[in-house]
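The values are calculated or read from the model by the stated rules, or taken from the named source; none is laboratory data. Because the structure is a prediction, the values reported are computed rather than measured. We place every Cβ from the backbone using ideal geometry, glycine too, and count neighbours over all the protein chains shown. Side chains are part of the model used for accessible areas, which takes the heavy atoms of the whole protein and leaves out ligands, DNA and RNA. Shrake-Rupley method; radii C 1.70, N 1.55, O 1.52, S 1.80 Å.
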Amino acid sequence: MNTIARLKLRAPARCIFRETFPARLEARTPFPVALGFIIVTAWLALARIHAQSPADARFEAIASLAETKMREYHVPGVAVGIVDGSRVTMRGLGVTSVEDPLPITAHTVFPIASISKTFTATMMMRLIEQGKVDLRAPVRTYLPDFHVQDETVSRDVTIWNLLTHTAGWEGQVSGPDRGEETLKNFVGTLGGLMQLAPPGMAWSYNNAGFSVAGRVIETVTGMSINAAVRELVFKPLGLMHAGTTAGDFIVNRFAIGHFTRGEDPPVLQRPFVPSTSVTAGGIGLCLTDLLTYAMFHMADGTATTGERLLSRAALELMRTPQLSKQGTDDEIGLAWHLRTVGPVRTAAHGGTLAGHILLLELVPEKNFAIGILANSNNGWRVIQDVERAALASYHGATFAKNQAVAHRGLVETLPVVEPLSNQPDPAPYIGRYVRPMNTVVVRADSRRVLVQVQPNDGNPQPEMSLSFYGPDRAIVTDGPDRGQSIEFVRGPAGDVRWIRVVGRIAVRSVR
């Protein structure tokens, strides 16, 4: 029996994402930038790049919506593409930079940030099918010296935990750029990494886990992670504009990240710093490459050259629910975030990095995919509207009332929320919840439940007022984070043990 067949026979454990919000911009907008933004709005009317087959009326409506939302949210550039059966349509809108505007095309490179995690899982699945890695094996099988703060976890945590965000340790950490020694150096610094939950107990978005997975790939292949992703994914799929370093990006037309505050014109993110972890968020590519990659994942595992890269079973396993995300209706596969929208099942991943917001979403049963790449911190607003319009137009799929946040890595609000008419007793939720870098304080007054994130630097964020819309599920009702979901996660005894804010847990303090 082959490895994938054995894995499918093992029932996955059933366990009871946007990235962090961009920093607020404090700089004044110089006149050249304002002038650049005027140029951007002109380009929106001119820079329409078609690729492959001509667009149909549905795609034209989606592209028109994207243009409208770009203007509304002050987003300089977007690339949007749809795979619909055998038909692939792409369009570039706007410009790469408000200061040096070039039109976005189907070959403009964007850093895809956390969408890179699906490439990590793809590499790992290739190694699994080659018999070099066992999905359920402990990490120490491949990294004998691996350790975090908890010795039991260090010994028992598995490759599966890494790819499902269930390792349980603090995940919002990264290491300095050390070239080809980056991941090795990073993994060697994890000895004091705080354990927030036992592995598999509480789902929590975990960048560090995917960095550890990258180091496993390096060890097993004997290659740097940059070389490994080229050999295992980029080359066999013919991804001509894909890369992992700033040097790779700058030889292509590159979409510069921007920040927008309020109604001010967008300004460039300076400097642009790529993710130091290729496997957590360091890949960059163009829309053409992204949709080629999407089509591979919805097909039978064969490259366009005829080379067999993965079995269909392996691809399906990546999209098979491994566990539920407590406090939501969504599930996690192997890197892919899974949810049901109306009549269809989607597998998706978003990304956020240095003024870029991005989404890849698959509907495998329909051989449908949508890729949306934006070069602004406000891009998530465009993506949210365009994604929902595309699913409705092509598949009659609309989001249910109180449909929770999914495909982490992308800022996303709940589109339609109806709070509970009878709000729960706040007593089970009140308390202090800790992470290494902050404390989350939950309190109640006579009218509402309030949450405040208190960073260790002594500058507390504004309190957020909550309203519960389901069991252990709440929504922020005011302020800059209005519409965001906050979830509470219960332990084995049924008590509230964790709070999850922007996809990441903090554990309740017993003090």
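I'm trying to understand the selection: among the residues of region 186-198, which are over 9 Å from W169 (Cβ atoms), open to solvent by 20 Å² or more (accessible area, probe 1.4 Å) and of a type outside the set (V, I, T)? Across region 186-198, the qualifying residues are G188, G191, G192, P198.
Each residue in region 80-132 was checked for being part of a helix (DSSP H, G or I) and either open to solvent by less than 10 Å² (accessible area, probe 1.4 Å) or among the polar types (S, T, N, Q) (or both), and 15 pass.
Residues that are touching a helix residue (DSSP H, G or I) at 6+ places or on another chain (Cβ under 9 Å) and surrounded by 15 or more Cβ atoms within 10 Å (Cβ to Cβ): does region 448-466 have at least one? Checking region 448-466: not a single residue is touching a helix residue (DSSP H, G or I) at 6+ places or on another chain (Cβ under 9 Å) and surrounded by 15 or more Cβ atoms within 10 Å (Cβ to Cβ).
Residues of region 370-388 that are within 23 Å of V95 (Cα to Cα) and either open to solvent by 20 Å² or more (accessible area, probe 1.4 Å) or among the polar types (S, T, N, Q) (or both): N375, S376, N377, N378, W380, R381, Q384, D385.
Pairs are defined by a Cβ separation below 6 Å, a sequence spacing of at least 6 or placement on different chains, a first member in region 487-511 that is among the acidic types (D, E), and a second member that is at pLDDT below 95 and in a loop (DSSP other than H, G, I, E, B); the pairs so defined are E487/G327. Checking each residue in region 296-313 for being touching a Ser or Thr at 6+ places or on another chain (Cβ under 9 Å) and either part of a strand (DSSP E or B) or under 27 Å from Y205 (Cβ atoms) (or both) picks out F296, H297, R308, L310.
Total residues in region 172-185 satisfying the condition of being open to solvent by less than 20 Å² (accessible area, probe 1.4 Å) and either in contact with a Cys (Cβ under 9 Å, 6 or more places away or on another chain) or in a helix (DSSP H, G or I) (or both): the figure is 2.
Against the conditions (1) over 19 Å from the mean Cα position of the chain (by Cα); (2) open to solvent by 50 Å² or more (accessible area, probe 1.4 Å), where does V267 fall short? Just the number, please. For V267, the exception is condition (2). Of the residues making up region 285-302, not a single one is closer than 30 Å to I505 by Cβ and open to solvent by 20 Å² or more (accessible area, probe 1.4 Å). Any residue that is over 19 Å from the mean Cα position of the chain (by Cα) and either part of a helix (DSSP H, G or I) or modelled with pLDDT of 95 or more (or both) - is there at least one of those in region 277-285? The answer is no; no qualifying residue exists.
Among residues of region 158-183 that are within 19 Å of G409 (Cβ to Cβ), those with a beta-carbon under 7 Å from a residue that is buried (at least 19 other Cβ atoms within 10 Å of the Cβ) and of a type in the set (K, R) at least six positions away or on a different chain give the pairs E170/R435; G171/R504; Q172/R504.
Is it the case that G247 is at pLDDT 95 or above and over 30 Å from D150 (Cβ atoms)? No.
Within region 432-447, no residue satisfies the criterion of being over 29 Å from the mean Cα position of the chain (by Cα) and surrounded by 16 or more Cβ atoms within 10 Å (Cβ to Cβ).
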